[in-house]
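Participant: Can you keep this structure in mind? I'll have questions shortly.
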Amino acid sequence: MSKILIVDDKTKVCQLMEKYLKAKGFATATAHNGEEALKKVLRCRPTGGPAGYQDAENGRSGVPQASHQPPPKGWLAG
C-alpha cells in the first residue's frame, strides 16, 4: 500500500494534515525533519535497479541525488 509522507517541524501541522488525508482515505506517515523523512523514504524504497536509487559512479545505493527539478505531482512543499 502506498503512503503519503507528511513532513513538517510543527507537530500540529503534521497532525492536521494527517487527519485530513486519513479522512480522505489515504494512508499516512509523518516526519518532523528532513533527516527523519529521508530515513523513512529509504526504508520503504527498493535499492538498485530502475525503480531504486543508485549512484553507479560512486558505488552507493539508497542515496537520492539532488536535482533541480520541481517535486513530482502530488507532493506538497511548504
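The values are calculated or read from the model by the stated rules, or taken from the named source; none is laboratory data. Keep in mind it's a predicted model, so treat the numbers as computed, not measured. Neighbour counts run over all protein chains shown; Cβ positions are idealised from the backbone, glycine included.
Participant: I'd like the full set of residues that are touching a His at 6+ places or on another chain (Cβ under 8 Å) and polar (S, T, N, Q), limited to region 8-48.
Facilitator: Thr11
Participant: From the residues in region 11-53 that are surrounded by 10 or more Cβ atoms within 10 Å (Cβ to Cβ) and among the basic types (Lys, Arg), which one is modelled with the lowest pLDDT?
Facilitator: Arg45
Participant: I would also like to ask the following. With respect to the numbered conditions (1) at pLDDT below 90; (2) surrounded by 10 or more Cβ atoms within 10 Å (Cβ to Cβ), which one is the sole condition not fulfilled by Ala56?
Facilitator: Every listed condition holds for Ala56 apart from (2).
Participant: Could you please give the count of residues in region 5-17 that are farther than 18 Å from Leu38 by Cα and within 15 Å of the chain's Cα centre (by Cα)?
Facilitator: Summing the residues that are farther than 18 Å from Leu38 by Cα and within 15 Å of the chain's Cα centre (by Cα) in region 5-17 gives 1.
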